Amino acid sequence: MPAAQLLARDIRALRKARGMTLAEIGARLKRSIGWLSQVERGLSVPSLADLRAFADLFGVPLGLFFGHEAESDSERGVVVRSGRRRSLGTSESGLVEELLSPDLGGSFEMLRSVFAPGAELAAIALRKTEEAGYVVSGRFDIEIDGVWHELGKGDSFRFAAKPFRWKNPGDEPAVVIWVVSPPVY
């Protein structure tokens with residue numbers, strides 16, 4: 001699948017995950033529904049300014065739209081090599097995420113999340129998603145629906161459409177493989 005098609009698929013998946021129509025996005029971005037439809041079908045490629053507007057609208061980092069090319073055509077959309085993942089965060093924020101899924105077009109996304117020591121999501125988040133995670137290393141505390149759970153290496157969790165927040169109370173980074181359905185990035 002060409003890069004334009006991957007970008008189109010990601011933009012469409014983000015719009016659908018947020019329950020937005022083409023008309024709503026068109027009004028917010030001051031773009032026609034026809035142009036947006038062409039972008040979502042890979043017929044038009046948005047400019048850098050357009051990609052910044054999409055990133056702001058969807059609340060995702062701009063870098064999400066710059067995928068790394070697959071090593072071969074047979075791997076495109078199927079395999080993500082460790083050195084070719086899309087990074088979705090910064091070390092300054094205390095959370096760096098890498099997209100393990102080839103794109104956002106499927107029914108779920110898989111992320112490798114690295115939480116810095118002391119990092120936390122202080123404000124409660126609530127998404128219309130089902131989420132699960134596996135702690136690869138470190139200590140990771142997660143509050144789900146008002147109950148805190150202390151997790152360590154090898155522990156896992158799952159919840160659906162419940163308020164949550166997290167923190168890394170440890171002295172080392174916590175690495176969590178996180179699965180979200182439908183994709184939100």
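The values are calculated or read from the model by the stated rules, or taken from the named source; none is laboratory data. As the structure is a prediction and not an experimental result, all values here were calculated from the model. Note that each Cβ is placed from the backbone with ideal geometry, even for glycine, and that neighbours are counted across all protein chains shown.
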Inset, instruction - Evaluate the following for Asp155: is it crowded, with 19+ Cβ neighbours inside 10 Å and of a type in the set (D, E, K, R)? - result: no
Inset, instruction - Hey, can you tell me all the residues within region 116-126 that are surrounded by 14 or more Cβ atoms within 10 Å (Cβ to Cβ), of a type outside the set (D, E, K, R) and farther than 21 Å from Ser181 by Cα? - result: Ala116, Pro117, Ala119
Inset, instruction - Considering only region 108-124, state which residues are assigned to a loop (DSSP other than H, G, I, E, B) and not aliphatic (A, V, I, L, M). - result: Phe108, Pro117, Gly118
Inset, instruction - Spot the failing condition for Trp148; the list is (1) surrounded by fewer than 17 Cβ atoms within 10 Å (Cβ to Cβ); (2) of a type in the set (A, V, I, L, M, F, W, C); (3) in a loop (DSSP other than H, G, I, E, B), and only one is missed. - result: (3)
Legend entry - Failed condition for Gly105, given (1) exposed (fewer than 15 other Cβ atoms within 10 Å of the Cβ); (2) assigned to a loop (DSSP other than H, G, I, E, B); (3) of a type in the set (Gly, Ala, Ser): (1)
Inset, instruction - State yes or no: is Arg165 of a type outside the set (A, V, I, L, M), surrounded by 13 or more Cβ atoms within 10 Å (Cβ to Cβ) and out of contact with any helix residue (DSSP H, G or I) (no Cβ under 9 Å at 6 or more places or on another chain)? - result: yes
Legend entry - Selection within region 125-145 - modelled with pLDDT under 95 and not in a strand (DSSP E or B): Leu126, Arg127, Lys128, Thr129
